[in-house]
Amino acid sequence: MNKKLAAAIQRDNELEDAGMHGDDRTTCWTHQGWAADCEADPAHTAPSVSYYPRPA
């Protein structure tokens, strides 16, 4: 993972913890990448029993 992505994930985590809606993330917590790169992944488009929320 590059430093820019790691910093963006950390920033999104902090913003989400402060009240930002998860849909407003630019990064994907599940895949540890850019949200745009995995937005079509079934984990995002068809959540089911395999959906795991971010741990608190």
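Taken together, the values in this text are just the output of simple stated rules run on the coordinates, not laboratory data. Keep in mind that what you see is a predicted model, and the values were worked out from it rather than measured. Glycine gets a Cβ as well: all are built from the backbone with ideal geometry, and neighbour counts include every protein chain shown.
Taking 0.36 nm per residue of sequence separation and removing the Cα-Cα distance, the ALA6/TRP29 pair yields an extension gain of 7.2 nm.
Seen from TRP34, the other residues with C-beta closer than 11 Å to its C-beta sum to a net charge of -1, counting Lys and Arg as +1 and Asp and Glu as -1.
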